[in-house]
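Take a look at the structure set out below.
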Amino acid sequence: QAQLVETGGGLVQPGGSLRLSCTASGLAFRVFTLDWFRQAPGRQREWVAKITSGETTTYADSVKGRFTISRDNINYMAYLEMNSLKSEDTAVYYCHATYYNMDYWGQGTQVTVSS
């Protein structure tokens, strides 16, 4: 059974940094495209960043230059390094893995940016 588990969320002050991790199991990790999404209270889930199996990365305009997505195919991990955090980055962050008709989500980790 495929599983994704996010960790690393928490409370951080504006301008601070956090690193989210996504641990995968039960899937052929290296062939999957990995995304991070987020959902703020009262808002729809939005896409944040993507890294393909070939390690091509793309970012939402709202996080470009501040967030970095990466992956470790040996340890089945994905990461989202978040810098210069803003209050509008507050959300539950989700890890997502896709390959053809296979589609998996983690349970999410809360990130709160507040002074």
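The values are calculated or read from the model by the stated rules, or taken from the named source; none is laboratory data. Quick caveat, the model's predicted, so the values are computed rather than measured. Cβ placement follows ideal geometry from the backbone for every residue including glycine, while neighbour counts extend to all protein chains displayed. Just so you know, the surface numbers come from the protein's heavy atoms only, side chains and all, with ligands and any DNA or RNA stripped out. Shrake-Rupley method; radii C 1.70, N 1.55, O 1.52, S 1.80 Å.
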Original post:
When the accessible area of the chain is split by element with a 1.4 Å probe, what percent falls to carbon and sulfur?
Top reply: 46 percent
**OP:** Taking 7 Å along the Cα-to-C-beta vector as the label spot, tell me the residue 61-residue 23 distance in nanometres, rounded to one decimal.
**Re:** 3.8 nm
Original post:
Ordered by packing density, taken as the mean number of other Cβ atoms within 10 Å over each peptide's residues, highest first, how do 57-63, 67-73 rank?
Top reply: 67-73, 57-63
**OP:** List every residue whose amide H lies under 5 Å from the amide H of residue 67, counting only residues 5 or more places away in sequence or on a different chain, with H placed 1.01 Å from N in the peptide plane.
**Re:** 83
**OP:** Using only alpha carbon pairs under 8 Å that are at least six residues apart, calculate the relative contact order of the chain and give it in whole percent.
**Re:** 36 percent
**OP:** Name the long-range amide H neighbours of residue 111: under 5 Å, sequence gap of 5 or more, or other chain; modelled H, no Pro or chain starts.
**Re:** 10, 91, 92, 93
Subject >> Whole-Hz couplings from phi, Karplus 6.51/-1.76/1.60, listed for segment 64-69; x for Gly and Pro >> reply: 4, x, 10, 10, 9, 9
Original post:
Which value, in debye to the nearest 20, gives the size of the charge dipole of segment 1-85 about its Cα centre, when Lys and Arg are +1 and Asp and Glu are -1 at the Cβ?
Top reply: 120 debye
**OP:** Decide, for the chain, between rounded, prolate and oblate: order the square roots of the alpha carbon gyration tensor eigenvalues as a ≥ b ≥ c, take rounded if a/c falls under 1.5, and otherwise choose prolate if a/b is larger than b/c, else oblate.
**Re:** prolate
Original post:
Counting only heavy atoms of protein chains, what accessible area per residue, in Å², does the chain have with a probe of 1.4 Å?
Top reply: 53 Å²
